[in-house]
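Enquirer: Got a structure for you, questions after.
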Amino acid sequence: MDRFQIQGGLPLQGQVRISGAKNAALPILCASLLTAEPLVIHNVPPLRDVGTMRKLLAGMGLQIEVDAQAIDGQDSLTLRADAVNKLEAPYELVKTMRASVLVLGPMLARFGEALVSLPGGCAIGQRPVDQHIRGLQAMGAQIDIDHGFIKAKASRLKGARITTDMVTVTGTENLMMAACLADGTTVIDNAACEPEVVDLANCLIAMGAKITGAGTDRITVVGVEKLHGADYTVMPDRIEAGTFLCAVMATGGQIFAQGARADQMGATLDKLRESGLQMEEQADGILASASSRPKSVNVRTAPYPGFATDMQAQIMAVNAIAQGTGLVVETIFENRFMHVQEMRRLGAQIDIDGHTAVVKGVEKLTGARVMATDLRASAGLVIAGLVADGVTDIDRIYHLDRGYDRMEEKLRSLGARVSRVKDGT
Ligand code: EPU
């Protein structure tokens, strides 16, 4: 298992290109199941999770051609689902990546059946998929849960009115994909408004789907008989962009996050501005500079455009060295404070009271050996390591590789001293 070794204390300076969005690329790859024609997808980040999704789709019989690093270091994929022969998402893959459940809706809609291993709980919480199942049942699917598998069947899905119990991103995406080929109109209320949902909708529309309202809490899909191939470019990763902005807020310096789109970043930018980051929106990205110690901010995670749970660990790292005390309330996942005990090893003063972390900013963090526990927790620790005095070693960095594209290279290009140390050294 690799680890990151960071020699902290240097400001970040320079330009960093923001990669394609993991959480848009994953559902868009699954959308390829909805048509027999080729779907060409550009700006796909070369990440471990994307590799897992490719493996899953290839296992079902999809032909996948990869033009590696075709444009700006991002892959272009051509997916052909004209000879799908296995309508199954096996446990071995679903257990490593919950987003595998995104094949359920498209498989059922196009082929009338699907067998998908139930994703279990994970490091950040229980994360059930009951809303995905309930929505598909409302569309006429017959679903049994048997020996840890979701067994779904339907002759042809029917349009339905669905109101989800809570805002769910992949739940909305699964139902929206399924509704594209259903008979009649589906209305999804309480839909997730995340930009990744809009990106998926735009790809589906390019494939011939009739979708309106994506980006609002009511999405309407008029089912069609068939979708066709398309050529689509994935949006930039707003969480990666937000992570780099938090990093420069913490270390000081100036960076240009090339490709970052302020209009897709919701409350992240407001909170960073409140914390003291100066930002200028430019045609091709965001120029950000920090010249003083951050000010503590209070954040409460919420569905988009509220403060993203995927940015919670990173803003916590900023608060850890800020002036004052900030409250960080996690409302989306019940167990997403695993980074707190690791940040404490670096000297952070953080108390947890239920879903609230009380972060008392300290002037200095000090390097130590810490452990990454999930993807965004790792990103929070990297930021803390960048600002800490001395050396920070972050174990289990494979969590970071799931969702950040060559982070150490990007940080090095901004002047940070980060290296990847192979196991056993
Ligand atoms: N929930 C249910 N039942 C469901 C679906 C969701 O109870 O059927 C609950 C969840 O347990 C959670 C809340 O609803 O408490 C919201 O979960 P959501 O379904 O929105 O999460 P997700 O779709 O599984 C996506 C991202 C996550 C991100 C969340 C929240 C992808 C592939 N994953 O997960 O990204 O944290 O939305 O924004 O889009 C990450 O990239 O590190 C990551 C975890």
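Enquirer: One residue is enough: does the range 17-25 have a residue meeting the conditions more than 21 Å from the chain's Cα centre (by Cα) and over 28 Å from residue 133 (Cα atoms)?
Expert: There is no residue in the range 17-25 that is more than 21 Å from the chain's Cα centre (by Cα) and over 28 Å from residue 133 (Cα atoms).
Enquirer: Then there is this: Just the residues that are touching an Asp or Glu at 6+ places or on another chain (Cβ under 6 Å) and within 22 Å of residue 86 (Cβ to Cβ), please, taken from the range 30-45.
Expert: Passing the criteria: only 36.
Enquirer: Condition (residue is under 21 Å from residue 357 (Cβ atoms) and at pLDDT 95 or above) applied to the range 254-267: is it met by at least one residue?
Expert: Taking every residue of the range 254-267 in turn, at least one turns out to be under 21 Å from residue 357 (Cβ atoms) and at pLDDT 95 or above.
Enquirer: Let me ask something additional. Keeping to the range 81-131, report how many residues are buried (at least 22 other Cβ atoms within 10 Å of the Cβ) and within 17 Å of residue 156 (Cα to Cα).
Expert: Result for the range 81-131: 9.
Enquirer: Restricting to the range 150-180, what's the tally of residues that are within 26 Å of the chain's Cα centre (by Cα) and in contact (Cβ under 8 Å) with a residue 40 or more places away in the chain?
Expert: Matching residues across the range 150-180 total 14.
Enquirer: For residue 32, which of the numbered conditions (1) over 17 Å from the mean Cα position of the chain (by Cα); (2) within 14 Å of the ligand (Cβ to nearest atom); (3) among the hydroxyl-bearing types (Ser, Thr, Tyr) fails to hold?
Expert: (2)
Enquirer: Here's a check for you: in the range 44-57, which residue that is open to solvent by less than 50 Å² (accessible area, probe 1.4 Å), outside any loop (DSSP other than H, G, I, E, B) and of a type outside the set (S, T, N, Q) is nearest to residue 235 (Cα to Cα)?
Expert: It comes out as 44.
Enquirer: Could I ask something else about it? Give the residues of the range 124-159 that are modelled with pLDDT of 95 or more, near the ligand (Cβ under 9 Å from one of its atoms) and not charged (D, E, K, R), sorted by residue number.
Expert: Within the range 124-159, 131, 132, 133, 135 meet the criteria.
Enquirer: Something else about it: Could you figure out which of (1) under 30 Å from residue 280 (Cα atoms); (2) in contact with a strand residue (DSSP E or B) (Cβ under 6 Å, 6 or more places away or on another chain); (3) crowded, with 24+ Cβ neighbours inside 10 Å; (4) touching a residue at least 60 places away in the same chain (Cβ under 8 Å) isn't true of residue 245?
Expert: Condition (4) is where residue 245 drops out.
Enquirer: I need the full set of residues from the range 160-189 which are within 11 Å of the ligand (Cβ to nearest atom) and either buried (at least 22 other Cβ atoms within 10 Å of the Cβ) or outside any helix (DSSP H, G or I) (or both), in order please.
Expert: 164, 165, 166, 167, 168, 170, 171, 172, 173, 174, 175
Enquirer: Only one of (1) part of a strand (DSSP E or B); (2) at positive phi fails for residue 61. Which number is that?
Expert: Checking residue 61 against (1) part of a strand (DSSP E or B); (2) at positive phi, the one that fails is (1).
Enquirer: Ok, one more. Would you kindly identify the helices (runs of 4 or more DSSP H) lying entirely within the range 285-401 that contain at least 3 residues that are among the polar types (S, T, N, Q)?
Expert: Qualifying helices (runs of 4 or more DSSP H): 312-320.
Enquirer: I'd like to verify a number: residues in the range 265-284 that are touching a residue at least 12 places away in the same chain (Cβ under 8 Å) and surrounded by fewer than 21 Cβ atoms within 10 Å (Cβ to Cβ), how many?
Expert: 8
Enquirer: Additional query: Check whether at least one residue in the range 359-373 is touching a Gly at 6+ places or on another chain (Cβ under 9 Å), open to solvent by 20 Å² or more (accessible area, probe 1.4 Å) and within 16 Å of the ligand (Cβ to nearest atom), and report yes or no.
Expert: Checked the range 359-373: no residue is touching a Gly at 6+ places or on another chain (Cβ under 9 Å), open to solvent by 20 Å² or more (accessible area, probe 1.4 Å) and within 16 Å of the ligand (Cβ to nearest atom).
Enquirer: Another question about this same structure. Residue 334 fails exactly one of the following numbered conditions: (1) in contact with a Ser or Thr (Cβ under 8 Å, 6 or more places away or on another chain); (2) open to solvent by 30 Å² or more (accessible area, probe 1.4 Å); (3) touching a residue at least 40 places away in the same chain (Cβ under 8 Å). What is the number of that condition?
Expert: (1)
The values are calculated or read from the model by the stated rules, or taken from the named source; none is laboratory data. Values in this document were obtained by computation on a predicted structure and should not be read as measured data. No Cβ is skipped: glycine too gets one built from the backbone with ideal geometry, and neighbour counts run over all protein chains shown. To get the accessible areas, we keep the full protein, side chains included, count just its heavy atoms, and leave off ligands, DNA and RNA. Shrake-Rupley method; radii C 1.70, N 1.55, O 1.52, S 1.80 Å.
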